[in-house]
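The values are calculated or read from the model by the stated rules, or taken from the named source; none is laboratory data. Values in this document were obtained by computation on a predicted structure and should not be read as measured data. Remember, those area values only see protein heavy atoms, side chains included, never the ligands or the DNA or RNA. Shrake-Rupley method; radii C 1.70, N 1.55, O 1.52, S 1.80 Å.
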Amino acid sequence: MTARWRDRLGVVLAILVVGLVVAGAGVLVAVAELENADKIASVIGAAAGVLGLGVSGASAVRARRLHAGSSPAALSEGEPGPPAAAPVTRDVLMQAEATDDARIYQSGGDMTINDR
């Protein structure tokens with residue numbers, strides 16, 4: 001089994017466990033009296049908040065480690081790598097057509113518009 005399938009299996013199992021826990025909590029609240037249901041819901045909400053805080057903290061630490069300790073090739077898609085040491089020269093061909101009072105701004109790289 002490849003690592004990708006193992007990761008997917010882990011995600012599916014986590015979703016199933018969370019779904020079962022939520023369904024069980026729903027049944028527990030449904031059969032309890034109103035006062036007890038309120039107490040149960042408060043405990044479940046507090047536990048969810050603490051777990052969410054833990055997951056977000058762990059994700060932030062993991063992302064920081066990945067970004068600081070990895071090469072640009074190891075970063076996930078969409079994340080910018082370190083800046084290039086020297087500017088890259090490239091040829092860009094662009095065409096545009098405007099009608100009436102339209103403005104067209106085109107750039108093959110970095111661009112400043114109206115001193116912003």
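Residues in the stretch 17-42 that are in a helix (DSSP H, G or I) and open to solvent by 100 Å² or more (accessible area, probe 1.4 Å): Leu20, Val31, Leu34, Glu35, Lys39. Checking each residue of the stretch 102-110 against the condition of being under 28 Å from the mean Cα position of the chain (by Cα) and either open to solvent by 60 Å² or more (accessible area, probe 1.4 Å) or at pLDDT below 85 (or both) gives at least one match.
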